[in-house]
Amino acid sequence: MRQAGIYSGILCGKNGPHSLPLSRIKKIMKQSGEDVKMISCEAPLVFAKACELFIEELTARAYKVTMQGKRRTLQREDIAAAVTATDLFDFLLEMVSASVINDGRTTTEST
């Protein structure tokens, strides 16, 4: 009988065993390169947990920006401000700046 691995209980929480689709994570992992052919069943669990922690951290920082603006609804601009203010999220700066530029073009074209 196969025993559960060390990461099998890592995602147990209120929303069931995991809240992100493991099949989608595995598909993304396989598409990452030609060298990736086989993936253990525990690897997507670790990635799912890492994604959950990343989303929680970014959301918490963006919500602080929302509260400073005396609002209750988290908006895209709040996420962009959180990314810009935090060195940890520097890898997202290009995506955030491209999003802001695209929004500016859309606004300019519509007026």
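At a glance:
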item: Looking only at the range 41-93, and only at residues there that are hydroxyl-bearing (Ser, Thr, Tyr) and free of Cβ contacts under 8 Å to residues at least 24 places away in the same chain, the one that is nearest to residue 25 (Cα to Cα); result: 59
item: Selection within the range 28-40 - part of a loop (DSSP other than H, G, I, E, B) and hydrophobic (A, V, I, L, M, F, W, C); result: 36, 38, 39
item: Residue pairs meeting the criteria (Cβ under 7 Å; at least 6 apart or on separate chains; first in a loop (DSSP other than H, G, I, E, B) and loosely packed, with under 14 Cβ neighbours inside 10 Å, in the range 11-27; second at pLDDT below 65 and not small (Gly, Ala, Ser)); result: 17/11
item: Subset of the range 46-70 [among the basic types (Lys, Arg) and loosely packed, with under 12 Cβ neighbours inside 10 Å]; result: 70
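The values are calculated or read from the model by the stated rules, or taken from the named source; none is laboratory data. Since the structure is predicted, the reported quantities are computational estimates derived from the model, not experimental observations. Here Cβ is always computed from backbone atoms with ideal geometry, including for glycine, and neighbour counts include all displayed protein chains.
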